[in-house]
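The values are calculated or read from the model by the stated rules, or taken from the named source; none is laboratory data. Predicted, not measured: the structure shown is a model, and the values here were computed from it. Cβ coordinates were reconstructed from backbone atoms using ideal geometry, including for glycine residues, and neighbour counts include every protein chain displayed.
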Amino acid sequence: MQASQKQRMNAHTLNNAASALGPEANLNPAQVSSPSLPLQGITVIELGHSVAAPFAAQTLSDLGAEVWKIEKPEGDDARRWAPPYLAEASAVFQCLNRNKRSVSCNLRDPSSLQALKLFIQDRVDVVLQNLRPGQVQVLGLDAENLRAGKPSLIYCNIGAFGELGPMAKRPGYDPLMQAFSGIMSVTGEEGRPPVRVGPSIIDMGTGSWAVIGILAALLERKQSGKGTVVDVSLFETAASLMTIPAAQYQGSGEVPTRQGSGSKGIVPYRAYLCSDQQYLVISAGSDGLFKRLASVLGEPQWAEDPRFSSNPQRVIHEALIYSLIEARMLQRSSSQWQQLLDEAGIPCAPVQNTEQLLDHPQMAAMGLLQSIPDANYQTIGLPLRLNGERPKSRSPAPALGEANAQWQRMTDSILRASQHTSEALTEPSQFNIADYASNHRKTTP
């Protein structure tokens, strides 16, 4: 069958299936009452687990896309990354999978796999996957196979080290990439063991790059009608975060070292201990800001000292100027210094913990911590606003297999409709959905 014939068949099949299911076929019930979002009408399949792919898919769902999360019968491993829990799954899983539908199925079952492939051909705009290297090829769910029958499909691979080079087949996780990329070599304090940046910056950064690539591909498809294969990897993200240290190394020939709370090349630019044993970060890297800081600290002559009068000189003599500032900062509390520095227009911030962040009035003012319908917890929302409005969380992370019944009806309808439009599908196919105790009951990890 020619590709154009397949595409006409798929379009006809989809129309028949959608008609059979009614107008709600394309809408998540949680989306129906939501304001218009830029990705409404876009359908995404997430063949993902852990952090990177779920975070990317959640971002797309926050922007209005309909996301179907395809899980193995026992579910995404992140469901059991606990304690702590939120509701009946791990806190990690709950904060990375809102606004999605979960389908649990065994993709090694031929009829289940066939149903998924037909669903992708008929309904899906974007496939997003971060399975182990080679797994999608074995299942025939790789970009080459799926786009052969649907050239408009956008396919995003989230890999570990990327598909090329000697590390291509190796698995990767956030801490491994922080180590391999050199991030750990510039994080923490000299003379101490390597430390990992606390948040999953590599996973979440890679998810963000995946979203950027997918949005670019959607724009390109609107212009050309053709889909795109988007490739991102944890390694590429980690390497890109080393952009400044890499440039500094090329400029100096010296391997960058750990700077604690500071930053190479800018002085003063770090945290200081105050009399109340709290830390305050001060960023006074320009000469004008340093002059003001010297006055606030009661040492205006520092700004005229040739060793401190310009940033390059302060970098050369950073050990001396830091020791002088540290002694002064111990004379007042963090809050007292913050008030004085704020009045002088000098950028500063206290080192807060998670509780202090969530309780701060700035979080409430920006509406970042969002309540979720039918959930007894909150999550941090999408860090952007459109026309002054932050996209709202519409539904909590789904229970495992929560959408199995709906998926069954939809795939059955698509299969029935296809039998009337193609001789290639002459025998009924039963979708072997994994019965995971109950279609509507959350499982306890």
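Yes/no per residue for (1) touching a His at 6+ places or on another chain (Cβ under 6 Å); (2) among the hydrophobic types (A, V, I, L, M, F, W, C); (3) assigned by TED's automatic domain parsing to the domain that holds residue 170; (4) crowded, with 20+ Cβ neighbours inside 10 Å:
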{"residue": "108", "(1), (2), (3), (4)": "no, no, yes, no"}
{"residue": "112", "(1), (2), (3), (4)": "no, no, yes, yes"}
{"residue": "115", "(1), (2), (3), (4)": "no, yes, yes, yes"}
{"residue": "118", "(1), (2), (3), (4)": "no, yes, yes, yes"}
{"residue": "122", "(1), (2), (3), (4)": "no, no, yes, yes"}
{"residue": "132", "(1), (2), (3), (4)": "no, no, yes, no"}
{"residue": "139", "(1), (2), (3), (4)": "no, yes, yes, no"}
{"residue": "143", "(1), (2), (3), (4)": "no, yes, yes, yes"}
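All conditions but one from (1) modelled with pLDDT of 95 or more; (2) crowded, with 24+ Cβ neighbours inside 10 Å; (3) small (Gly, Ala, Ser) apply to residue 64; the one that does not is (2). Annotation note: of 400, 297, 320, 341, the sole residue that is in contact with a strand residue (DSSP E or B) (Cβ under 8 Å, 6 or more places away or on another chain), outside the structural domain of residue 95 (by TED's automatic domain parsing) and modelled with pLDDT of 95 or more is 341. When every residue of segment 183-191 is checked against the conditions, none turns out to be assigned to a helix (DSSP H, G or I), surrounded by fewer than 17 Cβ atoms within 10 Å (Cβ to Cβ) and within 16 Å of the chain's Cα centre (by Cα). For residue 381, the conditions (1) over 26 Å from residue 199 (Cβ atoms); (2) of a type in the set (Gly, Ala, Ser); (3) in contact with a Ser or Thr (Cβ under 9 Å, 6 or more places away or on another chain) are fulfilled apart from (1). One residue stands out among those in segment 233-254 that are free of Cβ contacts under 8 Å to residues at least 40 places away in the same chain and part of a loop (DSSP other than H, G, I, E, B): the one that is surrounded by the fewest Cβ atoms within 10 Å (Cβ to Cβ), which is 253. Here residue 303 meets each of (1) exposed (fewer than 13 other Cβ atoms within 10 Å of the Cβ); (2) without any contact (Cβ under 8 Å) to a residue 40 or more places away in the chain with one exception, condition (1). With respect to the conditions (1) at pLDDT below 95; (2) of a type outside the set (Gly, Ala, Ser); (3) in contact with a helix residue (DSSP H, G or I) (Cβ under 7 Å, 6 or more places away or on another chain), residue 100 falls short on a single one, namely (1).
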